[in-house]
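Working notes, beginning with the structure itself.
The values are calculated or read from the model by the stated rules, or taken from the named source; none is laboratory data. This structure is a prediction, so every number in the text was calculated from the model and none was measured. Every residue, glycine among them, receives a Cβ derived from its backbone with ideal geometry; neighbour counts consider all protein chains shown. Just the protein is used for accessible areas: all its heavy atoms, side chains included, with ligands, DNA and RNA removed. Shrake-Rupley method; radii C 1.70, N 1.55, O 1.52, S 1.80 Å.
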Amino acid sequence: MIIVLKAEVEASDPEVGRLIALAEGFPGVRTELHRIQGATRSLTEIYLLGHTGVIPTTPFEEFACVEKVVRITERFRSIGRHGGGLEAVGFEYNGVRISQDSFPPFPGLCAVDTPENLDAVFGLLARLGVATARAGAYKPRTSPYDFQGHGARCLPWVFERAGKHGIRIVAMEVTRESHIEEIQKALAASGYATGVMLQIGTRNAQNFELLKAVGQQTELPVLFKRGMGITLEESLNACEYVASGGNRRILFCLRGMKTNLGDPHRNFVDFAHVPVVKRLTRLPVCVDPSHAVGSRALAPDGLLDIFHTAAQGVIAGANAVLVDCHPSPEAALCDGPQALLTRELPVLLEDLRIVRQAYEARLRNLAASSAGT
Ligand code: PEP
Ligand code: MN
């Protein structure tokens with residue numbers, strides 16, 4: 001059971017203390033307090049955990065400080081909407097807001113290779129007014145003989161350059177628990193020149209120990225990529241590991257599913273699930289058209305399949321777009337075939353702005369039609 005307090009109520013309010021005492025008076029029940037950043041306001045939620053099935057809601061609803069009491073109706077206890085009873089949870093990190101209403105792009109190198117290439121991409125982003133990027137240091141590769149990423153040794157110059165170009169968040173995959181500490185230490189050593197969003201790759205979507213590790217720290221937010229060979233429900237449960245550990249600053253990312261039915265794309269595009277994830281969970285949803293499509297294939301209309309695929313996510317309300325870009329894709333050490341050229345990036349960003357406007361126009365059209373009825 002979740003008790004949502006009215007927006008202006010502070011957790012220190014004596015009435016909140018009485019409410020918690022009442023809840024904990026029921027046998028086997030304990031409480032947890034969470035401050036939630038919603039779309040338009042921040043509010044406090046009190047989670048009642050344990051044997052709550054038999055507890056009546058009325059005594060709690062009678063408190064003046066309570067907005068509503070929501071029974072947990074589904075498995076995703078921390079991230080779920082519970083029948084629409086709970087509003088979306090956004091977060092702010094390093095000055096950037098990420099929520100079910102936001103729309104930051106995260107372009108960048110799939111794998112960090114040279115300082116020159118990093119400068120070229122971050123510099124371009126700075127000129128385009130983009131302060132969020134991707135840059136992989138630890139790469140999970142299908143073959144052990146392929147480039148595995150520069151690892152911890154590149155972190156000092158990645159963070160220094162991110163700071164130099166005004167990048168506020170770098171999405172960076174971690175593949176083992178020790179990477180979290182390496183990143184935290186390097187960030188501190190850089191004087192917090194930038195911020196990092198810890199990326200859980202599709203191959204680690206059910207690495208429960210890693211999920212617990214990113215969930216038990218609250219310094220850095222998490223970009224969770226849907227598992228490519230498991231159901232959506234399994235991915236959401238995996239994400240629940242992060243949230244239940246205590247870290248609710250999560251961006252959920254769709255990146256396509258592994259099946260030959262998606263050929264000739266690298267993965268079968270699953271961006272029709274953008275509204276589904278927004279309905280089932282309180283999390284903002286990102287799409288990754290680069291790993292979904294996997295190539296620079298061009299449609300007869302002149303737009304890359306990556307552009308069309310990204311647009312499918314955005315027209316459905318995606319909140320962020322992760323996209324690979326490289327100054328010379330043919331020389332990239334990882335995923336070059338799907339990397340946009342630097343000259344294509346501004347075109348994509350403008351394309352996505354147009355599509356986002358169309359999405360917002362769809363919402364206005366709906367609002368006007370319901371106001372008229
Ligand atoms: C990546 O974003 O670099 C990556 C490896 O993606 P995924 O885990 O979705 O394959
Ligand atoms: Mn990649």
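Determine if segment 159-166 includes at least one residue that is assigned by TED's automatic domain parsing to the domain that holds residue 188, surrounded by 15 or more Cβ atoms within 10 Å (Cβ to Cβ), within 15 Å of ligand 2 (Cβ to nearest atom) and of a type outside the set (Gly, Ala, Ser). Checked against the condition, which is being assigned by TED's automatic domain parsing to the domain that holds residue 188, surrounded by 15 or more Cβ atoms within 10 Å (Cβ to Cβ), within 15 Å of ligand 2 (Cβ to nearest atom) and of a type outside the set (Gly, Ala, Ser), segment 159-166 yields no hits at all. Of the strands (runs of 3 or more DSSP E) that lie entirely inside segment 159-237, those containing 1 or more residues that are farther than 30 Å from residue 266 by Cα span 195-200.
The requirement of being open to solvent by less than 10 Å² (accessible area, probe 1.4 Å) and assigned by TED's automatic domain parsing to the domain that holds residue 323 is not satisfied by residue 230. Take the conditions (1) open to solvent by less than 10 Å² (accessible area, probe 1.4 Å); (2) within 16 Å of ligand 2 (Cβ to nearest atom); (3) part of a loop (DSSP other than H, G, I, E, B); residue 266 misses just one of them, which is (1).
Within the option set 70, 89, 54, being of a type in the set (A, V, I, L, M, F, W, C) and without any contact (Cβ under 8 Å) to a residue 60 or more places away in the chain holds for one residue only, 54. Summed over segment 113-136, the residues that are touching a residue at least 40 places away in the same chain (Cβ under 8 Å) and either within 11 Å of ligand 1 (Cβ to nearest atom) or of a type in the set (Phe, Trp, Tyr) (or both) give a count of 3. The set of residues in segment 321-334 being closer than 15 Å to residue 293 by Cβ and surrounded by fewer than 20 Cβ atoms within 10 Å (Cβ to Cβ) consists of 329 alone. For residue 351, the stated conditions do not hold, so it cannot be described as surrounded by 12 or more Cβ atoms within 10 Å (Cβ to Cβ) and either within 16 Å of ligand 2 (Cβ to nearest atom) or part of a loop (DSSP other than H, G, I, E, B) (or both).
The residues of segment 110-134 that are within 18 Å of the chain's Cα centre (by Cα), closer than 18 Å to residue 163 by Cα and within 16 Å of ligand 2 (Cβ to nearest atom), listed by number, are 133, 134. For the structure I just gave you, tell me whether residue 158 is aliphatic (A, V, I, L, M), in contact with a strand residue (DSSP E or B) (Cβ under 8 Å, 6 or more places away or on another chain), without any contact (Cβ under 8 Å) to a residue 60 or more places away in the chain and more than 14 Å from ligand 1 (Cβ to nearest atom). Judged against the criteria, residue 158 is a match. The sole residue among 333, 340, 304 that is in contact (Cβ under 8 Å) with a residue 40 or more places away in the chain, aliphatic (A, V, I, L, M), under 23 Å from residue 122 (Cα atoms) and more than 16 Å from ligand 2 (Cβ to nearest atom) is 304. The strands (runs of 3 or more DSSP E) located wholly in segment 1-55 that include 1 or more residues which are surrounded by 13 or more Cβ atoms within 10 Å (Cβ to Cβ), in contact with a strand residue (DSSP E or B) (Cβ under 8 Å, 6 or more places away or on another chain) and aromatic (Phe, Trp, Tyr) occupy 42-50. Of everything listed in (1) over 15 Å from the mean Cα position of the chain (by Cα); (2) farther than 16 Å from residue 173 by Cα, the single unmet condition for residue 194 is (2).
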